[in-house]
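What follows draws every value from the coordinates through simple rules; no lab data is involved. Since this is a predicted model, take the numbers as computed values, not measurements. Here Cβ is always computed from backbone atoms with ideal geometry, including for glycine, and neighbour counts include all displayed protein chains.
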Amino acid sequence: MTGGLLRLLTLRRGGRGWHWTDVASYAYLAVGVLLMFGPVLWLVLSSFKTPSALLEFPPSLLPMAQAEVRVEGYPQPLPLFTVTMEDGSVRELAQVRRIGIAAQMVDPKEPAKTIRVPVDRRTPVRHLAFAVGNYTDPLTQFDFLRYLRNSLVVTVVATLITLLINSMAAYALSVYEFRGKSVAMLGVIGTLMIPITIILAPVYLVVTKLGFVDSLWAVILPGAATPTGVFLLRQYMLTIPRDLIEAARMDKASEWRIYARIVMPLSLPALAVLAIFSVMWRWNDFLWPLAVLTKTEVHTLPIALNAFQGELQTQWHYLLAMTVVTLLPVALVFAFLQRFITSGIANTGMK
Amino acid sequence: MAGLELRGVRKDFGSVAVLKGIDLSIADGEFIVFVGPSGCGKSTLLRVIAGLETATAGDIHIDGAEVTRTAASDRGLAMVFQSYALYPHMSVHQNMSFALENMGVPKAEIARRVERAARMLRLTDYLHRKPGALSGGQRQRVAIGRAIVRDPKIFLFDEPLSNLDAELRVATRKELAALHAEIGGTMIYVTHDQVEAMTLADRIVVLNAGRIEQIGTPLDLYNRPANLFVAGFIGSPRMNLLPADAARMPRDNFLGDAVTVGIRPEHVQPCAEADADLTVQVDLVEQLGGETFLYTTALGCPGDLKVTIRIDGQSALARGDRLPVRLRREHLHLFDSAGLACRPDPIPARSHA
């Protein structure tokens with residue numbers, strides 16, 4: 001496994017020697033990896049930082065915290081520093097207090113004696129420390145599980161509805177011949193050009209009249225039929241050989257059965273792509289839920305996260321940690337469904 | 001099992017008329033082959049019978065019942081597609097049982113029928129494979145199996161052998177003939193391969209440009225083509241079609257109104273100079289071992305008159321050689337100016353056929 005990975009990562013043109021194109025390719029790929037995963041990595045590492053570590057300058061990549069020791073005679077743990085003494089020797093001392101440019105310090109081994117040290121002579125002793133509290137606190141104080149459940153319900157239900165109705169529309173638009181078919185298709189594609197901000201108010205009115213405000217249906221239903229989804233599925237279904245559908249008709253299958261047993265299984269790659277899109281849209285959707293979900297108990301995660309961002313103060317440590325948690329489901333869905341994207345199973349079995 | 005009756009069937013695609021009035025009657029248990037050049041409408045005719053296309057005019061009766069407007073799924077026919085159209089996501093077993101499930105046949109009965117068809121087609125070992133894991137010949141047999149399990153009123157085959165290699169095609173052709181002998185269903189088979197047509201058919205329907213040119217038994221079509229098209233289409237190499245005055249034959253009653261004389265390559269015989277109807281110059285010799293084809297040009301005739309000659313056995317003739325030939329009188333086919341065969345046939349030996 002490791003050997004195979006190493007071999008993959010050192011593959012070269014023609015198999016031997018490092019041609020300059022190999023170096024260029026790897027450099028290019030490395031920049032790409034850095035550009036794409038750098039911010040994500042920084043986010044994850046920062047989510048483990050304490051609020052003070054987040055604000056320090058210069059920023060560090062890894063979550064570091066200053067070491068602290070308990071010294072006899074002092075009720076609070078004291079921060080630890082490395083100090084260069086006047087005679088040139090280096091010692092580790094705990095700081096009792098700082099007064100102007102001088103610090104009063106104590107050696108943990110000799111708690112009775114205090115030493116005065118200029119502040120520029122000391123550097124903090126730091127070590128790797130993960131502030132797990134960033135993750136655990138919101139789970140207890142902030143009602144994270146409720147928002148997670150709301151987001152999950154919206155994402156799963158909306159994706160299922162989207163797949164169902166979009167595939168039915170795509171089936172009709174790809175398999176049947178009827179008057180007005182191209183007009184219908186053009187209409188569907190035309191709606192791609194209308195941004196959500198333009199229809200926000202009218203859709204809000206419709207949702208209000210239907211009495212959906214402050215229920216999850218207000219988020220689920222309006223976006224269930226997507227022109228992107230219909231178009232994507234239709235284009236894929238057009239590639240399914242016509243003979244298969246006719247063979248099923250000869251086999252006395254009803255249209256519903258052809259849809260369910262022949263066309264849907266063969267459209268799996270396209271359905272997987274649409275499922276990934278739908279999950280991403282729904283999970284990250286912000287503007288529309290913000291407009292229709294006013295009560296806290298129906299908030300989805302992105303809106304709930306917004307609560308950490310106050311007018312005067314932003315709780316970055318919680319915000320970052322919860323953002324990481326929010327990213328996980330989409331990453332998982334992608335990991336599971338991505339193999340469908342590349343597998344075209346519709347073309348085997350013919351000829 | 002059922003008979004089929006077509007009356008005045010027409011099919012237009014927009015302004016293009018593909019079928020221009022087809023009348024056809026097929027008896028129960030017959031093996032009928034539709035043959036014709038590309039674009040003659042033979043596949044369209046099959047699809048109209050299947051119900052995958054609706055006829056623009058005319059009507060279709062299966063077993064005496066009118067089905068012109070009936071949906072394909074309700075006609076009770078089974079079809080084998082040129083592409084086989086096996087469901088790629090289902091196993092061989094599921095492919096064969098799909099139709100039976102749709103018909104609501106009990107599970108035990110489905111298992112029994114699939115088992116029987118699989119045994120008949122030697123597919124028992126492959127029942128759990130997906131079509132992608134089968135060879136071309138096996139896929140072909142699955143497609144046939146899918147039709148057999150249905151026990152349909154009529155089997156429809158749309159060029160089922162055209163994707164197989166030559167050897168497999170011959171083998172599968174024999175199997176199809178054996179299958180028809182065994183289950184005895186009414187079968188309609190579309191092909192452009194006249195060997196398949198000649199070997200499989202009880203009766204052949206020759207189609208050209210949306211019309212039926214002739215219907216008859218294979219030998220009937222070979223021996224008594226009704227018109228120039230059928231004469232030229234059936235038989236390989238093609239029948240020689242010569243202007244009546246090109247052959248140095250006495251212009252007597254024998255030729256009558258005929259303007260074209262047809263003669264098959266095997267009926268053109270090398271002969272002595274004195275008996276010759278024509279003298280030809282050899283352009284190309286094809287030695288097949290058991291027989292030899294000579295492609296020649298007739299000398300002393302206006303235009304470039306090509307004559308094909310078939311000789312039994314092997315020949316020493318070479319390109320450029322001259323050869324006097326005689327056309328065997330009892331095998332001449334005479335056609336009038338409209339391209340129709342001159343009937344009554346002036347050759348008494350064939351008249352009773």
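Of the listed pairs B:Lys42/B:Lys153; B:Lys107/B:Lys130; A:Lys181/A:Lys209; A:Lys252/B:Lys153; B:Lys11/B:Lys42; A:Lys209/A:Lys295, which have alpha-carbon separations greater than 23 Å here?
Cα-Cα > 23 Å for A:Lys181/A:Lys209; rest within.
When only C-alpha pairs under 8 Å and at least 6 residues apart count, what is the relative contact order of chain A, in percent?
18 percent.
About the Cα centre of chain B, what is the dipole size in debye to 20, counting +1 per Lys and Arg Cβ and -1 per Asp and Glu Cβ, all else neutral?
900 debye
Where does each of A:Ser254, B:Ser91, B:Ser15 land when they are ranked from fewest to most other beta-carbon atoms within 10 angstrom?
Fewest to most other Cβ atoms nearby, the residues stand as B:Ser15, A:Ser254, B:Ser91.
If the elastic network links every pair of Cα atoms under 10 Å, which of B:Cys40, B:Cys271, B:Cys342 fluctuates the most in the Gaussian network model of chain B?
Judging by the Gaussian network model, the answer is B:Cys271.
With springs connecting C-alpha atoms under 10 Å apart, model chain A as a Gaussian network and identify which of A:Ala30, A:Ala218, A:Ala248 has the largest mean-square fluctuation.
Of the options given, A:Ala30 has the highest mean-square fluctuation.
Tell me, how many Å apart are the Cα centres for region B:3-69 and for region A:267-320?
Each part's Cα centre sits 60 Å from the other's.
Using the Kirkwood formula on the Cα atoms of the protein assembly as shown, what hydrodynamic radius do you get, in angstrom to one decimal?
34.0 Å
Out of B:Phe157, B:Gly21, B:Gly41, whose Cα points farthest toward the positive end of the dipole of region B:4-223 (charges: +1 Lys, Arg; -1 Asp, Glu; placed on Cβ)?
Sorting the options by dipole projection puts first B:Phe157.
Quick query: amide H of B:Thr217 versus all other amide H atoms, modeled in the peptide plane; which residues come in under 5 Å with a sequence gap of 5 or more or a different chain?
Residues meeting the criterion, in which the H sits 1.01 Å from N, are B:Ile204.
Under the definition of Cα pairs under 8 Å and six or more residues apart, what whole-number percent is the relative contact order of region A:64-128?
Contact order relative to length: 35 percent.
How many partner chain Cβ atoms sit within 10 Å of a residue's Cβ in peptide B:75-88, on average, as a whole number?
6
Need one number: convex hull volume per residue for chain A, Cα atoms only, in Å³.
Taking only Cα atoms, chain A has a hull volume of 265 Å³ per residue.
Report the residue, chosen from B:Ser315, B:Ser73, B:Ser162, that carries the largest GNM mean-square fluctuation when chain B is represented by alpha-carbon nodes joined by springs under 10 Å.
Comparing B:Ser315, B:Ser73, B:Ser162 in the GNM, the peak value goes to B:Ser315.
So what is the relative contact order for region A:1-103, in percent, with contacts set as C-alpha pairs under 8 Å and at least six apart?
Here the relative contact order equals 11 percent.
Tell me the trypsin sites (Lys or Arg not before Pro) within region A:142-213 that lie in a loop according to DSSP and have at most 15 other beta-carbon atoms within 10 Å.
A:Arg179
Which value, in debye to the nearest 20, describes the size of the charge dipole of region B:246-346 about its Cα centre when Lys and Arg Cβ atoms bear +1, Asp and Glu Cβ atoms bear -1, and nothing else is charged?
80 debye
Going by C-beta contacts inside 10 Å, put B:Val268, A:Val90 in order with the fewest on the left.
A:Val90, B:Val268
Ignoring everything except DSSP H segments at least 4 long, calculate the 222 nm mean residue ellipticity for chain A; use -39,500 (n - 2.57) per segment, divide by total residues, nearest 500.
-16500 deg cm²/dmol
Where does chain B land at 222 nm, in deg cm²/dmol rounded to the nearest 500, when only DSSP H runs of n ≥ 4 count, each adding -39500 (n - 2.57), divided by all residues?
-7500 deg cm²/dmol
Could you check the simple spin-label distance between B:Asp245 and A:Phe57, using points 7 Å along Cα→Cβ, in nm with one decimal?
Label at B:Asp245, label at A:Phe57, 11.1 nm between them.
Is the shape of region A:64-128 best called rounded, prolate or oblate, per the rule: a/c under 1.5 gives rounded, else a/b larger than b/c gives prolate, else oblate, with a ≥ b ≥ c the square roots of the Cα gyration tensor eigenvalues?
Note, shape of region A:64-128 comes out rounded.
Under a Cβ-only charge scheme (Lys and Arg +1, Asp and Glu -1), can you give me the dipole magnitude of region A:135-342 about the Cα centre, in debye to the nearest 20?
600 debye
Which of B:Thr186, A:Thr296 comes first, and how do the rest follow, when ranked by fewest Cβ neighbours within 10 Å?
So the ranking, lowest neighbour count to highest, is A:Thr296, B:Thr186.
For A:Phe286 and A:Ala201 in one chain, what is 0.36 nm times their gap in residues minus the Cα-Cα distance, to one decimal in nm?
Between A:Phe286 and A:Ala201, full extension yields 29.1 nm more.
Tell me the trypsin sites (Lys or Arg not before Pro) within region B:142-178 that lie in a loop according to DSSP and have at most 13 other beta-carbon atoms within 10 Å.
none
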